[in-house]
């Protein structure tokens with residue numbers, strides 16, 4: 001290991017200035033990425049036809065002078081470059097603007113909707129990784145046998161079925177026909193649940209959205225875990241562990257699986273943005289009051305400030321998760337050095 005480097009993993013950790021340099025470098029990269037993403041978002045929204053004034057005056061008989069006054073009030077009469085500079089000036093102060101649709105600051109709206117999306121995405125990530133890894137390991141241990149074929153067929157079904165189809169089928173089966181689960185919302189309005197009853201109610205409302213969102217990603221992690229396990233189980237260190245007389249269970253779960261988790265962790269970090277994108281569809285289908293549904297409504301009402309605010313928070317979450325994945329990778333793999 002080179003001087004000025006840090007090695008994390010394998011029970012030994014050496015911390016020095018390299019960690020701080022790594023964090024500083026990654027934070028600088030994250031800042032540049034955020035600036036590029038928000039610039040692209042701003043340009044794309046401005047290129048889209050229509051704005052908030054068009055929505056407000058679409059069915060009214062306002063005069064041209066009144067419309068011009070309204071555009072001036074919202075700052076839409078200014079050149080795009082001026083709007084761009086003002087937007088980034090507000091963003092530097094973490095001022096996301098005001099939502100004319102909800103008549104509140106964008107930050108307050110997002111803080112109210114963010115927990116729902118975090119619950120949905122977090123449980124979907126955890127469930128898809130756990131189930132996908134278990135299925136992949138089981139398929140790898142039974143490669144070429146009936147269990148492997150059955151899991152492969154199920155995985156193919158998960159991968160080929162669109163998420164919204166899964167959501168609709170689940171609503172029909174478990175809500176309409178069986179009546180086991182609520183169809184929409186985050187909690188039962190007017191029920192007045194508190195404490196554990198409230199947690200149970202929220203959990204019941206999240207079952208179908210979480211399962212619907214994680215099916216596609218479960219298929220991906222399952223195939224990835226199977227392929228990685230098959231490759232890892234033929235490596236020298238696994239053969240050495242078997243030669244020492246270790247049980248097959250310990251060889252697989254204590255040695256092979258740890259290395260097989262590395263690409264899964266990397267894939268999970270890369271797919272956070274896809275999960276957030278999928279949350280837009282799932283929250284709309286199930287009527288969840290999350291950031292995805294908020295962004296969906298903001299598009300139709302041309303609420304630019306709200307849409308840009310949601311995009312900013314979503315992009316920030318993806319960047320933070322990417323940084324966390326780098327450290328997790330180093331913790332799982334002793335060979336990784338942070339320089």
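For the pair residue 149 and residue 34, the difference between a 0.36 nm per residue extended length and the Cα-Cα distance amounts to 37.0 nm. Using the Cβ-Cβ distance between residue 69 and residue 48 with R0 set to 22 Å, the FRET efficiency works out to roughly 0.40.
Diffusion coefficient (Stokes-Einstein, Kirkwood radius over C-alpha pairs, 10 °C, 1.306 mPa s) for segment 95-205: 90 µm²/s, rounded to a whole number.
What the Cβ-Cβ distance of residue 78 and residue 239 gives, at R0 = 51 Å and to the nearest 0.05, is a FRET efficiency of 0.15.
Here the mean projected area of the convex hull built on the C-alpha positions of segment 104-334 is 15.6 nm². Using the Cβ-Cβ distance between residue 327 and residue 142 with R0 = 41 Å, the FRET efficiency computed as 1/(1 + (r/R0)^6) comes to roughly 0.75. Computed from label points 7 Å out along Cα-Cβ, the spacing between residue 250 and residue 202 is 4.2 nm.
All of the numbers you see were taken from the coordinates with simple rules; none came from a lab. Computed from a predicted model, the values in this text were never measured in an experiment. Positions of Cβ are backbone-derived with ideal geometry, glycine not excepted, and every protein chain shown enters the neighbour counts.
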